[in-house]
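Please read the structure below before turning to the comments.
The values are calculated or read from the model by the stated rules, or taken from the named source; none is laboratory data. Note that the structure is predicted; figures quoted are calculated from it, not measured. As a convention, Cβ positions derive from the backbone with ideal geometry for all residues, glycine included, and neighbour counts pool all protein chains shown. All accessible areas refer to the heavy atoms of the entire protein, side chains included, with ligands and DNA or RNA removed. Shrake-Rupley method; radii C 1.70, N 1.55, O 1.52, S 1.80 Å.
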Amino acid sequence: MVLLAACSACSSKPSAPAASADAWAVVDGREIKREDVERAYRRVVDPRATPSEEEALLSKITLLNDLITQDLLMAKAKALGIEATGTEIENAFAERKKATTEEVFQKELNDRRLTVADIREDLRRELTTQKLIEREVTSKVAATDQEITDYFNANRAQFNLAEPAYRIAQIVITPVKDEQINNRLNDDARSADAAAKKAKMISDKLRAGGRFSELAMDYSEDPQTAPQGGDLGLISATQLRQTDPALRDAVLKAQPGTISQVSAGGGHMLVLLISKEAAGQRDLSTPGVKDSIAQGLKDRRQQMLQAAYFTVIRNEAQVTNLLAKQVVDQRSKAAPVSVAPSQPGKK
């Protein structure tokens with residue numbers, strides 16, 4: 001009995017080392033420190049904003065959860081030998097700077113107390129996780145011809161147009177900070193001057209042969225349509241008549257394949273008229289119908305598979321969110337939680 005007890009004690013796992021004082025989460029033994037969250041917070045929050053302590057705390061809890069997921073994805077990418085190359089990082093860095101001047105770029109870094117190294121590291125992590133998701137999720141999503149046909153037959157009424165319609169895609173550029181940027185480069189123009197430069201840069205890329213959908217996914221500031229390559233789907237003639245006159249006229253006067261620019265209030269919208277559709281029943285031979293069904297099926301499947309993939313990775317990991325625990329513990333005692341940002345000039 002004594003021997004068995006001794007062997008049992010020898011085989012037990014050693015306890016994990018205590019987290020350091022400035023750790024806000026521990027992921028499979030890797031610490032995410034307070035400064036990691038503060039740096040992410042400085043990156044996304046307008047430095048001129050004055051949020052309440054609770055608003056700042058909520059943002060930091062959300063960002064910490066994002067960093068936990070990213071840490072798990074980076075560990076998975078490392079295990080699979082996936083990593084963004086130096087060339088990919090430098091190209092993405094150059095793209096991000098193109099829409100602004102060096103002076104404005106440096107001022108933005110100074111205001112947010114970030115460095116060029118911080119931006120490059122963010123890009124390395126973003127590009128690496130994108131490559132992982134492409135390999136583990138996107139590449140495994142497909143829609144067969146039979147599935148497309150079945151969807152069309154089950155939803156035939158959706159493809160019967162009561163009036164003429166226009167299929168439109170857009171790239172939106174606003175002159176203010178957007179809180180819900182959802183493009184692949186996390187690119188956001190934050191002034192009228194930056195928006196104008198960004199619109200010109202994208203227009204130059206389009207003239208050089210760039211694909212509208214790819215540029216929309218990289219740069220559009222509309223969170224709903226950017227992931228879909230800017231595609232707004234079919235807009236009926238009635239809906240078009242009720243929209244902004246400048247946009248309406250740009251669409252009505254254009255031929256399919258034409259890109260127009262609509263500008264107002266310091267913002268810009270690049271609008272691609274993909275097709276004009278006559279009223280009546282369309283079928284799978286109608287241009288765009290089969291592609292739109294396939295893309296819709298793949299988008300839904302990718303969202304489902306990606307959510308499941310993230311959940312599995314999280315379930316397989318040992319994650320301790322120390323900040324969340326601190327919030328729950330201290331609020332249960334009616335004690336304040338101190339998560340004030342670090343002082344200017346300190347990193």
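For the reader, a short list of remarks on this structure follows.
- Subset of segment 175-224 [of a type in the set (D, E, K, R), within 27 Å of ALA49 (Cβ to Cβ) and part of a loop (DSSP other than H, G, I, E, B)]: LYS177, ASP178, GLU179, ARG184, ASP187, ASP188, ARG190, GLU221, ASP222
- If you go through segment 230-268 and keep only what is surrounded by 14 or more Cβ atoms within 10 Å (Cβ to Cβ) and touching a helix residue (DSSP H, G or I) at 6+ places or on another chain (Cβ under 7 Å), you end up with GLY230, LEU240, ARG248, VAL251, ILE259, SER260, GLN261, VAL262, GLY266, GLY267, HIS268.
- Test: residue in segment 136-156 that is in contact (Cβ under 8 Å) with a residue 60 or more places away in the chain and in contact with a strand residue (DSSP E or B) (Cβ under 8 Å, 6 or more places away or on another chain): yes
- Pairs where the first residue, in segment 98-117, is more than 20 Å from GLU38 (Cα to Cα) and the second is in a loop (DSSP other than H, G, I, E, B) and open to solvent by less than 70 Å² (accessible area, probe 1.4 Å), C-beta under 9 Å, 6+ apart: ALA99/ASP187; ALA99/ALA189; THR100/ALA189; THR100/SER191; VAL104/SER191
- Check on ALA49, more than 24 Å from ALA317 (Cα to Cα) and part of a helix (DSSP H, G or I): no
- Residue that is farthest from ALA77 (Cα to Cα), among those in segment 303-322 that are assigned to a loop (DSSP other than H, G, I, E, B) and open to solvent by 40 Å² or more (accessible area, probe 1.4 Å): GLN318
- Residue in segment 277-286 that is without any contact (Cβ under 8 Å) to a residue 40 or more places away in the chain and touching a helix residue (DSSP H, G or I) at 6+ places or on another chain (Cβ under 9 Å) present: no
- Residue list for segment 225-253, filter: in a loop (DSSP other than H, G, I, E, B) and either in contact (Cβ under 8 Å) with a residue 12 or more places away in the chain or closer than 26 Å to ILE181 by Cα (or both): THR225, GLY229, GLY230, THR243, ASP244
- Per the listing ALA143, ALA77, ALA49, the residue uniquely within 30 Å of LYS197 (Cα to Cα), among the small types (Gly, Ala, Ser) and open to solvent by less than 60 Å² (accessible area, probe 1.4 Å) is ALA49.
- Among residues that are closer than 25 Å to GLN326 by Cα, loosely packed, with under 10 Cβ neighbours inside 10 Å, of a type in the set (Gly, Ala, Ser) and at pLDDT below 95, ALA9 is not included.
- ASP222 being open to solvent by less than 50 Å² (accessible area, probe 1.4 Å) and either within 18 Å of the chain's Cα centre (by Cα) or farther than 25 Å from ASP188 by Cα (or both): yes
- Of all positions in segment 279-286, at least one carries a residue that is open to solvent by less than 70 Å² (accessible area, probe 1.4 Å) and either β-branched (Val, Ile, Thr) or under 25 Å from MET217 (Cα atoms) (or both).
- Qualifying residue in segment 327-344 (condition: in a helix (DSSP H, G or I) and at pLDDT 90 or above): yes
- Count of segment 308-328 residues which are free of Cβ contacts under 8 Å to residues at least 60 places away in the same chain and closer than 14 Å to ILE68 by Cα: 4
- Matching residues, segment 52-76, being among the small types (Gly, Ala, Ser) and either more than 25 Å from GLN318 (Cβ to Cβ) or touching a Leu at 6+ places or on another chain (Cβ under 7 Å) (or both): SER52, ALA56, SER59
- Single residue of ILE168, ILE148 found to be out of contact with any Ser or Thr (no Cβ under 8 Å at 6 or more places or on another chain) and either assigned to a strand (DSSP E or B) or at positive phi (or both): ILE168
- Qualifying residue in segment 313-323 (condition: within 23 Å of ALA143 (Cβ to Cβ) and at pLDDT 90 or above): no
- Segment 57-71 residues that are farther than 16 Å from VAL328 by Cβ, paired with ones that are acidic (Asp, Glu) (beta carbon under 7 Å, 6 or more apart): LEU67/ASP36
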